[in-house]
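The structure under discussion appears below in the form of structure tokens.
Computed from the coordinates by the stated procedures, all read-outs in this text should not be read as laboratory data. Since the structure is predicted, the reported quantities are computational estimates derived from the model, not experimental observations. For neighbour counting, all protein chains shown are included, and Cβ atoms are generated from backbone atoms with ideal geometry for every residue, glycine included.
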């Protein structure tokens, strides 16, 4: 297997955007190509969760390829629900690692804010097990159920969960790409509108538009893909033995760290899938970044703050940077690349190893990607 | 790059099926696993063109994985419109060739016949360039336009085109998996109902349900993937210089033969994308299997018949075996595997090298896959 490197990365400003999905993807893709110093890649991998229903276009790999001015470049689309960006990164990684392509442009995006919230909820709900969906389950409703179990069995209280949102909103204040640039307090989180008990509005990521892109190469570059792993789990929540953690994350982390040849103790910054604030706590433990049962305290104690032992979601995370579905996995990776190469502006942390963690559906298809910078390229 | 082998393949009967899409995929997937002698693969690649709108389910890789009883197996979905099955095969190939997985199950399927024809036409129409679509273009309308150009500039007449359908219907008589098992005559084709002048009903593939699956492995097996190539072209038909051939097929063939290390002269059987009968003539020349301008005569002369120099679509092709979109690329490959290993029953030909050719959208994303059997495994 060839070593695979990240040659360039970029993303759009995330939020309510008037641009078309294709325009957003072009902005991110051309930004990543510029950052990579590359005119055209050997191949293209496109991630979009459901362009047919979100924007009415199909054959979307070819659609985006043509829009980018790369109609002659072989393109495929990859989809794993809300982790599609991370899955597309993996598909590009496999092509480069096999020696099938020298350079691959991976671009993911979603356009959602032009639809009303019930319609968005319906489209995202297609990810849920059909039987559970038939009883009216929505993604926030199932996430609330998981949160209740977490609170009952794992000693996590409302303040620990709220602090995730407070921290990530604070981080996003310094991120010009973020959907939200406003601080929130624990009290504001706990008094915000109820969505699905115990989850309130400020526990939940927003509906966002945006795109992100990464260029992969077999040539030596500053940032190497040290490890990549995928894990899966039952579609139906009721078929799982345990709801205080996600087996799909644990499997993905095991595979990624096995490939990297080191463990979680070397990770110095992480972008973690916090579509709902409690998911950050669950995931920190699943990833082995925090000991079991300690994520709540670690968060309250500031261990995961930007100036803490292990900065988590310096970008603001899905909660505050935003969550344009298929863009998110790649936006996390772009943030990691920027952090590793000293391009993260006022939110810069000191790190040589970064981890990105993406959840597909209700943790049915999760990814862990570990990036490492050459020591000579890292910040002093 | 590791050598990649096909360890097993299977498909469902294609046609009007009352089973769910998941049932069809399970039938093909478990058949392929049985043929491979494998309990569970290391990974799963799922192809479906648009399960959200065809059957109302998303997160489809996880959905199918769980349905197969493989909820713990990492799965991704791959989509390139009507060539999604071939694209998924490539994604699985890349994972095995890179050494990321030892065995990958690739399964593709589509369920369409429960929808009325205008709705199917609308959903397939999402593959067309949005501007051309906005003027009412449908896939048959654009294929008719290509056919007119072919007839005007390339000396192909109605009888040559009709003969493709006659030959493929004749082949399907011996295929128990085929949608149609009835012979048609040139006269019947030329008198069938007009769809889009000059294309008539019997020039066009049917709307079909079905699924197909292939197991790939890095361990030596009977059939090796000798070459695989992808080509792309402009989404908009009006942006192309030439409509008498498909640049995407030519690029895919170049790449596949380059990887194989031999040329079209070694191909002894081919499954070619004949969604519309004239596409078989166009493709035979694009693939280099017949000299430029000769496909019509070769077809009339019986060169591509099952007992001819180069049997083309012994399965009956998309025209008569049927075209369940994302299943098709894999059904072609399954047919090639069966032909190479002496399992094609009454339609068996004598071949050591087989080629499968799949068209995505209106030839925006095409694939060529070349399979080779070990000499000792071939028919005497």
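For the stretch A:267-349, report the translational diffusion coefficient in µm²/s to the nearest whole number, using Stokes-Einstein at 25 °C, 0.890 mPa s, and a Kirkwood Rh over Cα pairs.
Result for D is 191 µm²/s.
Give the value in nm², to one decimal: projected area of the alpha carbon convex hull of the stretch A:93-156, averaged over all directions.
Working: hull surface 33.0 nm².
Average projection, Cα convex hull of the stretch A:93-156: 8.2 nm².
So what does log10 I(q)/I(0) come out to for the protein assembly as shown at q = 0.08, 0.09, 0.11 Å⁻¹, using the Debye formula with one equal point on every Cα and no solvent?
Treating every Cα as an identical point scatterer, log10 I(q)/I(0) equals -0.59, -0.74, -1.07.
To one decimal in nm, how far is residue A:148 from the same spot in the other copies, if labels go 7 Å from Cα toward Cβ? Please give the shortest first.
Computed spacing set for this position: 6.3 nm.
Going by C-beta contacts inside 10 Å, put B:294, A:319, A:111 in order with the fewest on the left.
Values: B:294 15, A:319 32, A:111 26.
In increasing order of surrounding Cβ atoms, one gets B:294, A:111, A:319.
Restricting to DSSP H runs of at least four residues, report the calculated mean residue ellipticity at 222 nm for chain A, -39500 (n - 2.57) per run over all residues, nearest 500 deg cm²/dmol.
It lands at -11000 deg cm²/dmol.
How big is the stretch B:119-205 on each of its three principal axes, counting only the C-alpha atoms and giving the largest first in Å?
The Cα atoms of the stretch B:119-205 stretch 42, 33, 19 Å along the principal axes, largest first.
State whether the stretch A:192-260 is rounded, prolate or oblate according to the following rule on the C-alpha gyration tensor (a ≥ b ≥ c being the square roots of its eigenvalues): a/c under 1.5 gives rounded; otherwise a/b larger than b/c gives prolate, and the remaining case gives oblate.
On the way: a/c = 3.17, a/b = 1.44, b/c = 2.19.
Judged from the Cα gyration tensor, the stretch A:192-260 comes out oblate (a/c at least 1.5, b/c at or above a/b).
Going by the alpha-carbon gyration tensor, a ≥ b ≥ c the square roots of its eigenvalues, is the stretch A:126-166 rounded (a/c under 1.5) or, if a/c is not under 1.5, prolate (a/b greater than b/c) versus oblate? Walk me through the numbers on the way to the answer.
Values: a/c = 4.11, a/b = 2.15, b/c = 1.91.
Prolate is the answer for the stretch A:126-166, as a/c is 1.5 or above and a/b outweighs b/c.
Residues of the stretch B:251-286 with backbone nitrogen within less than 15 Å of a virtual label 7 Å along the Cα-to-Cβ line of residue B:297, please, listed as ranges.
The answer is B:285.
Tell me, how many Å apart are the Cα centres for the stretch B:57-71 and for the stretch B:130-194?
36 Å
Can you compute the modelled spin-label distance between residue B:346 and residue B:122, with each label point 7 Å from Cα toward Cβ, in nm?
4.1 nm
What fraction of the Cα pairs in the stretch A:22-108, stated in percent, has a spacing above 21 angstrom? Show your work: numbers first, answer last.
Working: 790 of 3741 pairs.
Tail fraction, whole percent: 21.
Of all DSSP beta bridges located in chain A, what percent are antiparallel, nearest 5? Don't jump to the answer; show the numbers that get you there.
On the way: 35 of 49 bridges.
DSSP beta bridges in chain A are roughly 70 percent antiparallel.
At residue B:3, label 7 Å along Cα→Cβ: distances to the other copies, nm, ascending?
Those separations, rounded to one decimal, come out as 3.0 nm.
If R0 is 60 Å, what FRET efficiency do you get for residue B:149 and residue A:265 from their C-beta distance, rounded to 0.05? Intermediate results must be reported in sequence, preceding the final value.
On the way: r = 64 Å, r/R0 = 1.07.
The computed FRET efficiency comes out at 0.40.
Fewest to most neighbouring Cβ within 10 Å: what's the order for B:193, B:200, B:220, B:13?
Details: B:193 7, B:200 21, B:220 10, B:13 17.
Listing B:193, B:200, B:220, B:13 from fewest to most nearby Cβ atoms yields B:193, B:220, B:13, B:200.
Only bridges whose two residues both fall in the protein assembly as shown count here: according to DSSP, what percent of them are antiparallel, nearest 5? Write out the running numbers ahead of the final one.
Details: 73 of 101 bridges.
Close to 70 percent.
Can you list, shortest first in nanometers, how far residue A:190 lies from the same residue in the other copies, with each label 7 Å from Cα toward Cβ?
8.5
Suppose a student asked you for the relative contact order of the stretch B:289-349, using Cα pairs under 8 Å spaced at least 6 residues apart; what percent would you report?
Values: 31 pairs, mean separation 13.9, N = 61.
It comes to 23 percent, rounded to a whole number.
From zero up to wherever the largest Cα-Cα distance of chain B sits, split into 20 Å bins and tell me the percent of pairs in each.
Per 20 Å bin, starting at 0, the Cα pair percentages come out as 33, 61, 7.
Would you mind getting the Kirkwood hydrodynamic radius of the stretch A:234-380 from its Cα pairs, rounded to one decimal in Å?
15.3 Å is the Kirkwood radius here.
If I take R0 = 22 Å and measure r between the Cβ atoms of residue B:102 and residue A:258 in this structure, what FRET efficiency does the formula 1/(1 + (r/R0)^6) give, to the nearest 0.05?
Plugging the Cβ-Cβ distance into 1/(1 + (r/R0)^6) gives 0.90.
For Cα pairs less than 8 Å apart in space and 6+ apart in sequence, what is the mean separation divided by the residue count of the stretch B:207-285, i.e. the relative contact order in percent?
Numbers: 58 pairs, mean separation 22.7, N = 79.
It comes to 29 percent, rounded to a whole number.
So what is the relative contact order of chain B, in percent, for Cα pairs below 8 Å that sit 6 or more residues apart? Walk me through the intermediate numbers first.
Details: 966 pairs, mean separation 96.0, N = 380.
About 25 percent, as a whole number.
Rg (Å, one decimal) plus Dmax (Å, integer) for the alpha carbons of the stretch B:139-265?
That works out to 18.1, 51 Å for Rg and Dmax.
Work out the FRET efficiency for residue B:220 and residue B:182 from their Cβ-Cβ distance, taking R0 = 60 Å, and round it to the nearest 0.05. Mind showing how you got there, number by number?
Numbers: r = 41 Å, r/R0 = 0.69.
E(calc), rounded to 0.05, equals 0.90.
Using Cβ counts within 10 Å as a stand-in for footprinting exposure, how do A:239, B:179 rank, fewest first?
Values: A:239 12, B:179 26.
The most exposed by this proxy come first: A:239, B:179.
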